[in-house]
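None of the figures in this text is laboratory data; all of them are computed from the coordinates on show. Note that the structure is predicted; figures quoted are calculated from it, not measured. Glycine also receives a Cβ, built like all others from the backbone with ideal geometry; neighbour counts cover every protein chain displayed.
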Amino acid sequence: MQYVLGTLVLVVAIYFLLGSITGIRLIPNNRVGIVEKRFSGRGSLKQGFIAQAGEAGFQPQLLRGGLHFLMPVQYRVHTTSLVTIPQGKMGYVFARDGQQLQPGQVLASNAQVVDFQDAGAFLRGGGQRGPQRQVLREGTYAINLAQFVVITEDEVFAMPLSAEDKAMINEMATVIEQRDGFRPVVIKDADDSMGVVTVHDGPSLPPGEIIAPTVGEDREHSDTFHNSFQDADRFLAAGGMRGRQLQVLVEGSYFINRLFATVEMVPKTVIEVGYAGVVVSYTGQSGQDISGETYRHGELVSPGFRGVWSEPLLPGKYAFNTYAGKVVSVPTTNIILKWSRSESGVHRYDENLAEVSLITKDAFEPNLPLSVVIHIDYREAPLVIQRFGDIKRLVEQTLDPMVSAYFKNIGQTRTLIQLIQDRSVIQMQSSEEMKSKFAHYNLHLEEVLIGTPTSSPGDNKIEVILTQLRNRQIAEEQVETYQRQEKAAVQERMLREAESRARQQQLLTESELNITVLTNQGKADYQRALQQAAQIRALAEAEAEKSARIGIAQALAIEEQVRAYGGPQFQVAREVMSRFADAIQHSKVDVVPKILIGASAGAGAQGGGTGSVIEALLTLLLSERMGVSLGGDLPRSPEVDVMRDRLRAALAAAPAAPDTERSQISTVVPPTAPSSPADSSDDASPPTV
């Protein structure tokens, strides 16, 4: 390694030795040679830094790549690199020699200079020394670094001369870097920004002006067109002045010398839908006031002049230089202003408003909240701003005292109850009466809304009255509610009945059909019963007729029998005894009792006999049938005897009984004897049981 370094040093030493002796110089193709003439027959430079007439000093011509023969010892060649500017970057040029800058001039003018690569042409063309207005764009340049210093972002291309020169160059590079001057100004669409340009060179603004007017907008005259501040010489030649410029930069890329002008990025002015932008211009010529002789609230001028522009900006985005004026957004939709400490509208113009303090006719002091809806015509928005400056000032300094005074007057004419109950009337009245007052200020009153009066802190009298009114209204509403509930209950009952009827419709239909069927069956049964009744009646009539005929026959027979027996009583006794005998015969009951119940014999003189219960019964029956009293004498007749004989015969036909019983029967039914006075006396006494 040391051997290689030693060899390299030896070659360089030989090269310089041969060059100084022979005058032959080899310049690589990627470098240039700056020639320094050590002595000359023309003497030294009288002024300047670069020898333009062959004097001793740095020569303006460069040696490019290749072999060059120079007089030995007389010339010295300084080899420097080519100047390279990366793509998308800029390089700043500082000239060490040239014409002096004019008073007030910051950067050197190089309007006549075409190329910095020819130092002789630069000097002959009147190029000025110092930092140059023109910048270098991307590319590679063969520049005489003894005359020019090129400052880039990555490197400073210069031929060092002294420490002071180096410090000055470094300071210049620092300023450029602080202004981000090595990159172009790029304004993107998505940023919605614009560039406000401040020029640091050129003549100063006249007194009273705060912003430089726009120049170079006429493209028909190329000499006045400065290409958006990228051509500084043309800008100044067109009458441009230093200071903040009225013209702004919009979307695009701009290679602007930051030593000549700086760019501040500010947002665009956006006028939202529902707003109008009133322009208040701080610059421009004084225009004619077009608001009229009777309107003395500032100047209303045409666009472009100083003052309030008569034409507002409609919704959209504008590259408006906010240093040259301001844009006041005026809402063109309805504005709701609320006189309330706890509420404020969307636009917040009413954030400092409070409820209106009233004194009513009955000496109450309520606070009345209000809401006022207004509208501003976009064509009249400049007049409103011309008069008041902004909407909030209009609300606080004009509308607030006007509205408060109006409702204070209303409150003094009504009691608290009237103020509450006449709310709708007061709203309508105030809306109509205040329209003309608002129109005087170029405002359109849409509606006035009145809230519920409230008490001042520490006073609850109004709440007590309001509570009473609420209770009264609640009572009335409850009455109405109960009435409606009653109607609803009736309707609900009818609905339930209808639903029940609908649910029972099938049963009702079936029952109606059953009723119809049963009705038809009843009618059929009725007809059948009528037929049966007719049949029975016919049979009964026939049977009755038959019975009648039989009865008639029997009656005739009985009549004959009665006549034969001697009277009806005997016939009845005969019939009874006959049936009685038949009953005993068919019932198979013992006629002769097994146990005899005797009766004591009478004490008659003709003798007595034992009687039985049956005999006594028979005697009683016969006596009743024949109408004879037991206390008298029993009649004796042949018919009675016949009946007795038949009775005995019936008893004899009964089953045999013991002898004792037979004797008792014979005793009960004695044999028939001829009637005699003795028998009559014996029969007259009643049997004893």
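Values for this structure:
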| quantity | calculated |
| --- | --- |
| Under 16 Å from the Asp377 label point (7 Å along Cα→beta-carbon), backbone N, the stretch 398-442 | 435-442 |
| Rounded to 5, the percent of DSSP beta bridges in the stretch 96-248 classed as antiparallel | 60 percent |
| Binned Cα-Cα distance frequencies in the stretch 268-319 - 5 Å width, integer % | 4, 22, 24, 21, 15, 10, 3, 0 |
| Amide H contacts under 5 Å for Leu161, placed H, 5+ residues apart | Lys166 |
| Stretch gain in nm, segment Glu541-Ala163, where the contour uses 0.36 nm per residue and the Cα spacing is subtracted | 118.8 nm |
| Relative compactness, the stretch 185-267, computed as alpha-carbon Rg over 2.2 N^0.38 Å | 1.05 |
| Spin-label model distance (nm) - Glu499 vs Val175, 7 Å beyond Cα toward Cβ | 9.6 nm |
| Alpha carbon centroid spacing (whole Å) that separates the stretch 35-99 from the stretch 105-141 | 16 Å |
| Where labels lie 7 Å past Cα in the beta-carbon direction, separation of Ser344 and Arg183 in nm | 4.0 nm |
| Value of D in µm² per second that Stokes-Einstein yields for the stretch 139-287, Kirkwood Rh from Cα pairs, at 20 °C (1.002 mPa s) | 119 µm²/s |
| 3J(HN,Hα) from dihedral phi, the stretch 401-409, Karplus parametrisation 6.51/-1.76/1.60, rounded to Hz, x for glycine, proline | x, 5, 5, 4, 5, 4, 6, 5, 5 |
| Unit Cα scatterers, Debye sum, the stretch 248-368: log10 I(q)/I(0) for q = 0.09, 0.11 Å⁻¹ | -0.47, -0.63 |
| Burial ranking of peptide ranges 354-366, 429-441 (average Cβ count within 10 Å, highest at the top) | 354-366, 429-441 |
| Per DSSP, loop trypsin sites (Lys or Arg not before Pro) in the stretch 120-172 with at most 15 further Cβ within 10 Å | Arg137 |
| Length added when fully stretched, Thr140-Leu530, from 0.36 nm per residue minus Cα-Cα | 126.0 nm |
| Contour excess over end-to-end distance, with Cα ends at Glu153 and Gln61 and 0.36 nm allotted per residue | 30.4 nm |
| Long-range amide H partners of Leu62 with built H, under 5 Å | none |
| Estimated translational D of the stretch 306-430 in µm²/s (Stokes, Kirkwood radius over Cα pairs; 37 °C; 0.692 mPa s) | 197 µm²/s |
| Exceeding the 27 Å Cα-Cα cut-off - candidates Lys437/Lys461; Lys361/Lys461; Lys37/Lys89; Lys392/Lys435; Lys188/Lys326; Lys37/Lys166 | Lys437/Lys461; Lys37/Lys89 |
| Inter-probe distance in nm under a simple model that places probes 7 Å from Cα toward Cβ, at Phe39 and Gln100 | 3.3 nm |
| Calculated Rg and Dmax of the stretch 82-178 using C-alpha coordinates, Å | 12.6, 35 |
| Vicinal HN-Hα couplings computed from phi for the stretch 345-361 (Karplus, 6.51 cos²θ - 1.76 cosθ + 1.60; Hz; Gly/Pro x) | x, 5, 7, 6, 6, 10, 5, 9, 8, 9, 4, 7, 7, 10, 10, 7, 5 |
| For the stretch 191-202, 3J(HN,Hα) per residue [Karplus equation, 6.51 cos²θ - 1.76 cosθ + 1.60, θ = phi - 60°, Hz, x = Gly/Pro] | 7, 6, 10, 9, x, 9, 9, 10, 8, 9, 9, x |
| Footprinting exposure proxy for Tyr75, Tyr482 (fewest neighbouring C-beta atoms within 10 Å first) | Tyr482, Tyr75 |
| For the stretch 330-461: relative contact order, % (alpha-carbon pairs under 8 angstrom, 6 or more apart) | 31 percent |
| Cα coordinate range in the stretch 498-545, projected on the principal axes (Å, largest first) | 65, 11, 8 |
